[in-house]
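What follows is a set of notes on a single structure, which appears directly below.
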Amino acid sequence: MINVLQLNRVPNQEDTPVEGARRVINGEERVYYDGYWIKAYKVPADTLEAKKRLIDALTRRLFNHTEHGLNIPGTRLAEARSTFEAETDPARRRVKGAMLAGALFNRAADIFRKLVELQACGIEILSDNPLMRECGRCLLEAMELGRNVLHRSGEEGIDELWGEPFRAFSIPLEDFYESRYIKIGQTMRDIDLIARCMITNLAQLPAFAGAESAITDLANAAKIKTETLRTDPDIFDVWAIMVTAGERLDNLTPHPVATDSEAVRHDTAEGLQLFRQGRDLIFYITRARTPMPKSTRDFVSRCEAYRTTGHAPLAFFRQD
């Protein structure tokens, strides 16, 4: 049972709630993780129908953020497995393994749909039903295969996306949603980390003076987007605010800077590219609602190198 305490104000810095604490703040229920009060939503009843809708949504989300070409229908599972097992080239085998993982996810969703239809006809579906076990097996194998699949940026994989459908299948919905709040808190933490990095290493330079407000606006909008479900009526305003904040950062124009022979000369084109990469990274993790630790570490390193040397190591984000 979740206990919620009514408050009439936002807690201040002297309050030290435990992780997972619940409060009603300004009329909205919020849960505390990683230093953030995150908007909470009502958990649906723990039924097969609810789990089917959740797994469908998580599967769509997975295909939306990973490499192209993985959304293989469950009806082609045997074909996907055969071509994967026959492949000997390591690089191609990785891709075919990802395609097999996609087929396994879709097969699990197909099974769940049929189970829900049977339940709607009054047929009791127990947890030890052979089809339930097959569904779990498909999700588990897909999770194992998906660990080497890259995010669409080309930077890294997001293991969390591959594990979520299996967790949604195997644990109570209340526990699953609580685990999502933990990830949202971690995502908000990394949004702030990226923003602080951009402010410290880029916006403090004379060529980019005044950029701090645009960075802050994007970070604030991204944190609100991270906690807001797509089904929330506020999503129209939330998404529009975030997109326009990103456009403001994208349209940044550097100021002319007097040449000082003793100072580090910063390449403004590379600086603008770092702003765009930081914007892209914030969008990536916000939309996925989960951290991208490797990409974040690499971005911070590039920004720090730029501040000290005037140049940034190359990064290879793929643009969709």
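Of all residues in the stretch 158-175, which are in contact (Cβ under 8 Å) with a residue 40 or more places away in the chain and not charged (D, E, K, R)? Write out each step before concluding.
Keep residues of the stretch 158-175 that are in contact (Cβ under 8 Å) with a residue 40 or more places away in the chain, which gives 158, 160-162, 164-165, 168-169, 172-174.
158, 161, 162, 165, 168, 169, 172, 173, listed by residue number.
Counting only residues that are in contact with a Phe, Trp or Tyr (Cβ under 9 Å, 6 or more places away or on another chain) and without any contact (Cβ under 8 Å) to a residue 40 or more places away in the chain, give me the helices (runs of 4 or more DSSP H) lying completely in the stretch 27-146 with at least 2 of them.
On the way: elements: 48-65, 77-86, 90-120, 130-145.
Ranges flagged: 90-120, 130-145.
Only one of (1) farther than 30 Å from residue 187 by Cα; (2) modelled with pLDDT of 80 or more is not met by residue 116, so which one is it?
Among (1) farther than 30 Å from residue 187 by Cα; (2) modelled with pLDDT of 80 or more, residue 116 violates only (2).
Exactly one of these conditions fails for residue 101: (1) touching a Leu at 6+ places or on another chain (Cβ under 6 Å); (2) within 17 Å of residue 58 (Cβ to Cβ); (3) at pLDDT below 90. Give me its number.
Unmet condition: (3).
Looking at the stretch 93-152, which of its residues are farther than 14 Å from residue 77 by Cα, polar (S, T, N, Q) and touching a helix residue (DSSP H, G or I) at 6+ places or on another chain (Cβ under 8 Å)?
Applying the first criterion (farther than 14 Å from residue 77 by Cα) to the stretch 93-152 yields 93-95, 112-133, 136, 140, 143-144, 146-152.
Checking which are polar (S, T, N, Q) leaves us with 119, 127, 129, 148.
Across the stretch 93-152, the qualifying residues are 119, 129, 148.
Does at least one position in the stretch 223-233 carry a residue that is without any contact (Cβ under 8 Å) to a residue 60 or more places away in the chain, surrounded by 19 or more Cβ atoms within 10 Å (Cβ to Cβ) and in a helix (DSSP H, G or I)?
The answer is no; no qualifying residue exists.
Which number in (1) of a type outside the set (D, E, K, R); (2) farther than 26 Å from residue 163 by Cβ; (3) in contact with a strand residue (DSSP E or B) (Cβ under 9 Å, 6 or more places away or on another chain) marks the one condition that residue 284 misses?
With respect to (1) of a type outside the set (D, E, K, R); (2) farther than 26 Å from residue 163 by Cβ; (3) in contact with a strand residue (DSSP E or B) (Cβ under 9 Å, 6 or more places away or on another chain), residue 284 is out only on (2).
Do we have residue 290 as over 14 Å from residue 203 (Cα atoms) and β-branched (Val, Ile, Thr) here?
Working: over 14 Å from residue 203 (Cα atoms): yes; β-branched (Val, Ile, Thr): yes.
Yes: the conditions hold for residue 290.
The values are calculated or read from the model by the stated rules, or taken from the named source; none is laboratory data. This structure is a prediction, so every number in the text was calculated from the model and none was measured. Note: ideal-geometry Cβ built from the backbone for every residue, glycine included; neighbour counts use all protein chains shown.
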